[in-house]
Amino acid sequence: MSDSYLFVLVAIAMGGSYVGRWLHRCVVRFPPHYSLRDQLTSVWQEGDCRSCHTWESGLQHVPLIGWLIAGRCRSCNRKMDARRPVVELLTGLVLAGLYWVEIPDFGSFVVENSGLWTGRKPSGPEAIEQLWSPIVWLHLRYLLHAVLLCGLIVATVIDFELCIIPDGCTIPAMIFSVLFSFAVGQTWLTPVWFQDPSTVRIQKQIIPEAFHFILFEWDAVAFSVSHPHWHGLLVSLAGLFMGAAVTWCIRAIGFLVLKKEAMGDGDVVLMALIGAVLGWQPVLVVFFLAPLAAIPFAIGMWVLRRKQPGPQYFPYGPWLSLSAVILLLGWQAIWPRTTPVFDMGMLLFVVGTVMMFMMAALLYFSQLVKRLLGIEEPELDGDSQWSSADHLSYYAGERPDEETGLWSRPQWPGSRSGRGLGPGHDWQNPQ
């Protein structure tokens, strides 16, 4: 490893810890607000302290060191959150590790040394040479993946604590990903479409001729070379749609069969974000990797909490996020093993639809067996259910007026009106 490359890794780790400081602000500020606008504006309009909203100063701005040396608010003496240095350290290490995987050493820089290079067809964005030099587009793709990881970190911390994923964690990064993919045109991991020609010929021999029209062949790699920006946009939009659609279908099946929410809306939007960055094929891999990572944790939580009354809620967003990180870091080992699945072409969607119906049938059968055995499902009554709306109501009840004990600050009038504080504020602060 060259000295310059090592210096860049250290610099990214240090800069990433400072990014983690702002990610922790998002973790603290997003949950009390419902609308996306209020979530985003709260990051820079509200101070660092949860109690008095006082801004930090001096050494408190320094990541890690600020918490160790000056770990209390200078105004109300409230102790800073212990998770802040954890988020700062995690962000720095993850961003530096991602750079080490994706960007080859400067001393022997070739695209083939990147951790996202598999050396197999379908060809990646290295087939496009007229837009950017290799070192430039590799860094641009790293920037997009870094934005994804930042959103995943915020969503993971909030989901673990509150079992909700605010829109501020996902929607801004999703919009950025779509626009960035269109502007750069070389951020994709896989082309928007590929299939094995021999597989198509075999399918035509099996499937009736009336359905041969769905077995089309399209060379998306050639299209990506001639129209790189439009291809980048198609990859991002297809991934966004696929990530949201698959998660929503699972959520709908769980609700129809189990009569309760299997996955939240936040999980749907989170998968849409992952798909907008990685593409529709990788987001499907992420979706099937997530249970493998979550099942051991779920079993452990069930053992620890099995004697507690009422239903047990399990945050799934962190495991979707972890699977996306595992896919990026282990791309060279994972992708070649999953490529044959996507070589099926349109037949993959037929198989996926059949699997959805089979899953619904199995869930219904399991519910039928439970009823025959007399196993009762826990009731979701008003005392035991704790939804995202309950979280927001709790925060609003704890602090209905965020300016209590403080001077009035300029803010959007709708935020006060939504809490019923508009008339009182106008009477106390006449124009």
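Observations
- Selection status of Asp267, at pLDDT 90 or above and of a type in the set (Asp, Glu): yes
- Residue in segment 347-361 that is hydroxyl-bearing (Ser, Thr, Tyr) and exposed (fewer than 12 other Cβ atoms within 10 Å of the Cβ) present: yes
- Being closer than 16 Å to Ala155 by Cβ and at pLDDT 85 or above is a property that holds for Ala324.
- Residue within segment 214-234 that is out of contact with any strand residue (DSSP E or B) (no Cβ under 7 Å at 6 or more places or on another chain) and within 28 Å of Arg37 (Cβ to Cβ) present: yes
- Restricting segment 61-77 to residues that are modelled with pLDDT of 70 or more and surrounded by 15 or more Cβ atoms within 10 Å (Cβ to Cβ), the residue that is farthest from Arg21 (Cα to Cα): Cys73
- Output for segment 93-120, where each listed residue is assigned to a helix (DSSP H, G or I), surrounded by 15 or more Cβ atoms within 10 Å (Cβ to Cβ) and hydroxyl-bearing (Ser, Thr, Tyr): Tyr99
The values are calculated or read from the model by the stated rules, or taken from the named source; none is laboratory data. Every value quoted in this text rests on a predicted model; they were computed, and no experiment measured them. In this analysis, Cβ positions are derived from the backbone assuming ideal geometry, glycine residues included, and neighbour counts consider all displayed protein chains.
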